[in-house]
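Single-structure report; data block below.
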Amino acid sequence: MPRFRAPKERSAEPLPGFKLAHPMISVDGTSGGFSGVSLGRTRAYRVIADAECAQGASHRSPARWCDCGFYCLHAIADARALTCDPDYRYAVLLEIVASGRYIRYERGLRYERQRVTKVRVGRCGCGQQAQLLADMGEGLVGWRRLLPVCTSCAGRRRIVSFEAFSRLLAGTPVVADEPGIVPDAELADTDEATLVPLLTAEVALLQARLDAVQRELARLTEPRKN
């Protein structure tokens, strides 16, 4: 009997997607890249890369009988949701375009080739928005892993600014990504707008209490009539 083979899908246009990865810097400090957070964590790849089989096989990726290939999600909300998982906590969010052969799954794609178009950096381990990338001192052969940190937690580690990392990625934008968090400037404006009427009410209350104390003091100190 002839074997049934599912058709290989291919798009005429690159397909956008979102994924998580660990930022990496080459040992000589001249190049930036990424490593996967699950199957691809043993290899580093650059801004433009072709998928290779994670098992070391020589077949072309992605293969239907193997789990190799790059993976991405269709929705940025799904990618952000993964960052709450401890295994993905220190990863950055990549915006990519996928091309070549691909295989659809429920929420995304497994595909052959990708180009990273933007890097979104989330929170530091302390919970604040990360502002720098710090050298963790470990990684893969030829590559060191970078950790998103705020300025307070950077300490004395070697640091790479977002702008410098962008240059190492051939100009790919590297930006802060913290939806749902009100910026400090907005918080300051909100606090000031709320604080003025609150202080006014407190002063009025204190004045009323002072008036009551003065009346009671006058009653107690006024001369008694015989």
Legend entry - Residue ID - nearest to the chain's Cα centre (by Cα), chosen from residues in the range 64-75 that are over 20 Å from GLU13 (Cα atoms) and surrounded by fewer than 17 Cβ atoms within 10 Å (Cβ to Cβ): ASP67
Legend entry - Failed condition for ALA188, given (1) part of a helix (DSSP H, G or I); (2) in contact with a Leu (Cβ under 8 Å, 6 or more places away or on another chain); (3) at pLDDT below 90: (2)
Inset, instruction - For the range 152-179, enumerate the residues that are β-branched (Val, Ile, Thr) and buried (at least 17 other Cβ atoms within 10 Å of the Cβ). - result: ILE159, VAL160, THR172, VAL174
Inset, instruction - Select from the range 43-89 the residues that are among the charged types (D, E, K, R) and either outside any helix (DSSP H, G or I) or not assigned by TED's automatic domain parsing to the domain that holds GLU138 (or both) and list them in ascending order. - result: ARG43, ARG46, ASP50, GLU52, ARG60, ARG64, ASP67, ASP85, ARG89
Legend entry - All positions within the range 14-42 that are in contact with a Gly (Cβ under 7 Å, 6 or more places away or on another chain) and surrounded by fewer than 17 Cβ atoms within 10 Å (Cβ to Cβ): SER26, VAL27
Inset, instruction - Kindly indicate the residue of the range 50-59 that is over 12 Å from ILE103 (Cβ atoms) and crowded, with 17+ Cβ neighbours inside 10 Å and also modelled with the lowest pLDDT among those meeting that condition. - result: ALA54
Inset, instruction - Could you tell me whether any residue of the range 45-63 is over 21 Å from GLY171 (Cβ atoms) and among the aromatic types (Phe, Trp, Tyr)? - result: no
Inset, instruction - State whether one or more residues within the range 166-177 are in the same structural domain as THR42 (by TED's automatic domain parsing), among the charged types (D, E, K, R) and in contact with a Cys (Cβ under 9 Å, 6 or more places away or on another chain). - result: no
Inset, instruction - Could you grab me the full set of residues in the range 14-42 that are touching a residue at least 40 places away in the same chain (Cβ under 8 Å), part of a loop (DSSP other than H, G, I, E, B) and touching an Asp or Glu at 6+ places or on another chain (Cβ under 7 Å)? - result: VAL37
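The values are calculated or read from the model by the stated rules, or taken from the named source; none is laboratory data. All values derive from a computational prediction rather than experimental measurement. Glycine also receives a Cβ, built like all others from the backbone with ideal geometry; neighbour counts cover every protein chain displayed.
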